[in-house]
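Working notes, structure below.
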Amino acid sequence: MAVLLAALGFAAVAQMRLTGADDDYSGQRRENLIELLESLAAAADRTQTQIDELEQTREELLSSSERRQIAVEEARQRLEVLTVLTGTAAAAGPGVTITITDPEAAVTSTNLLNGIEELRDAGAEAIEMNDRVRVVASTSFTERDGEILVDGVKLPSPYSIEAIGSSHTLSEAVIFRGGLADEIERLGGKVSVEKADLVEVQSLHSIDAPEYSQPTES
Amino acid sequence: MSDKPDLSTGEPRSDSSGDAYVGLLTQIMTQTLDQDYLDVAQRRESSSGDSPPRWQVGAVAVLLLFGLMLGLAALNTAQEKPVVAAERAELIEQIESNQGKLDNQQATLASLSDEVTKLQQLLAANVADDRLLTNQLTSLGIDAGTLAVTGPGVEVTVDDSGYSVGESGGVILDSDLQLLVNALWQAGAEAIAVDEHRMTTLTAIRFAGEAITVDYRSLTPPYIIEATGDPDTMPARLLETRAGQAWLDLEANFDIQFEVVAKDKVSIPGDARDNLLYAEAKGAS
């Protein structure tokens, strides 16, 4: 009987204890719990500060990165245009192929330069002569011993000019009254213009780093 | 125990003799109990037991007492518990909630830190890309004519003659200017501007109506052509070209102004046009 009662009592006490402490903190005193709570709060504060700082950094990086990405993308597009303008990259597009015959060897470098200027005026964006010489801003037309040199490269007739741009406008520019075609015909040659949806300008112009020119400080 | 009354008639009391440490309560209880047993035994002997035996009553009382004590204890605990335990539970709850919160924060922090590192790497790559691109853009921009440049060079001033010689002998034509620019390239010019219009591969020098146009804009004489390049050699090289000779002829025979001056510094504007409508680059430079 006494044993039974003792067991009952023990069970009752155990039950009470159990309901009161169903966690990991049963061994902890109240002061310890408060201390733990306080240090947890402090750690949470510190962590939140770090999170806030990192979030700010991330926002800055994101906007900076985005801006740079846009800048780089724009720069790439500009670079692409510049490679066409400087003749350092091959170019393709609609345009014309012009063939100039010169049976009397009467065509001069000045005639060709004038023809190039007409094409520029008509919006030519990339020009190549005889599939060999890329015509860029600094391309010079000269003569030596009756032969025509374009950027120092001897070009024999018949001359061919490939130009990318509006094929209609370019061809009109060549055959307009008093234009290149008239001029060449006057010299005994013939000019034919062929419009094409795709003209490929393959020859390249190599550039040297400028020695005397500095970008102007703005 | 010899002085104690020997009451062990009903129940044997083996330990009663010689026990000098029995406390008063125990003694009383034992006596009471013993008395009860005695009474019960006596009753059993006298009557056949129609009323509950005395020891049962005692047991019930003891149980009641125990129950009361247990109840009191429980009551006591239950009364204190809401104060101490509730506070404790709340503390623990707060601790656990804070713990969870901290865990979440630390997870957030870790992924943020990861992300920031990746972004920094990306940005570093972009900056390197950007720098490379900037360098390329600068050197190509100078050559293409999209960038304004400054440097030593020459300044060429040409003007129509003050009076008309023949029909157009005293007037500068577009082809004259074309040849002059062409001769400057030949003489080693790096960048050229005609009346502040940069010469690019897209720039045409034409004659429209009564005036020379550059970049579709009419110019009026005198025309000033500036070029960067070696100021020591360019003037001489220019005059050696066929165009240079032709211009000297024009100067001599038609009173056209043709002045070439070496300069320590000329400023040449850029032509901002950098979009193409038809041509597409095929493969990078």
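The contact residues of the range A:112-137, meaning those that lose at least 30 Å² of 1.4 Å-probe accessible area when all protein chains sit together rather than their chain alone, are A:113, A:114, A:117, A:120, A:121, A:125, A:137. Ranked from largest, the principal axis spans of the Cα set of the range A:91-201 equal 37, 28, 19 Å. Entry note, the range A:91-201: relative contact order of 48 percent, from Cα contacts under 8 Å with a spacing of 6+ residues. Residues of the range A:188-218 that bury at least 40 Å² of accessible area once all protein chains are present, compared with their chain alone (1.4 Å probe, heavy atoms only, ligands and nucleic acids left out), are A:207, A:210, A:212, A:213, A:215, A:216.
For the range B:264-281, the Karplus equation 6.51 cos²θ - 1.76 cosθ + 1.60, evaluated at θ = phi - 60°, returns couplings of 5, 8, 10, 10, 10, x, x, 9, 5, 4, 9, 10, 10, 9, 10, 7, 10, 5 Hz by residue, with Gly and Pro reported as x. Across the range B:120-130, rounded Karplus estimates of 3J(HN,Hα) from the backbone phi angles (6.51 cos²θ - 1.76 cosθ + 1.60, θ = phi - 60°) give 5, 5, 4, 5, 4, 5, 4, 5, 4, 4, 4 Hz, Gly and Pro being marked x. Averaged over its residues, the range B:148-268 has an accessible area of 42 Å² per residue, based on protein heavy atoms and a 1.4 Å probe. Using a 1.4 angstrom probe on protein heavy atoms only, the contact between A and B buries about 7700 square angstrom of accessible area, both sides summed.
Working note: Cα gyration tensor of the range B:148-268, eigenvalues times five, square-rooted, sorted largest first, giving semi-axes of 22, 17, 11 Å. So what's the gap between the Cα centers of the range A:162-187 and the range B:118-158, to the nearest angstrom? Taking the Cα centre of the range B:118-158 as reference, the centre of the range A:162-187 is 36 Å away. Of the residues making up the range B:204-221, those losing 10 Å² or more of accessible area when the isolated chain is joined by the remaining protein chains, with a 1.4 Å probe, are B:204, B:205, B:206, B:216.
Using the average count of surrounding beta-carbon atoms within 10 Å as a protection proxy, the listed peptides B:232-243, B:85-96 rank, highest first, as B:232-243, B:85-96. Rolling a 1.4 angstrom probe over the protein heavy atoms with all chains in place gives the range A:32-85 an accessible area of 60 Å² per residue. Apolar share of the accessible surface for the range B:148-268: 48 percent from carbon plus sulfur atoms, 1.4 Å probe. Taking label positions 7 Å along the Cα-Cβ direction at both residue A:143 and residue B:72, the computed distance is 13.6 nm, reported to one decimal.
Taking every Cα-Cα distance in the range B:121-197 and sorting them into 5 Å bins starting at zero, the pair-distance distribution P(r) comes out as 3, 11, 16, 16, 12, 11, 8, 7, 5, 4, 3, 2, 1, 1, 0 percent.
The values are calculated or read from the model by the stated rules, or taken from the named source; none is laboratory data. This is a predicted model, so every value here is computed, not measured. Using ideal geometry, Cβ is built from the backbone for each residue, glycine included, and neighbour counts are taken over all protein chains shown. Heads up: the accessible areas ignore ligands, DNA and RNA and are worked out on the full protein's heavy atoms, side chains in. Shrake-Rupley method; radii C 1.70, N 1.55, O 1.52, S 1.80 Å.
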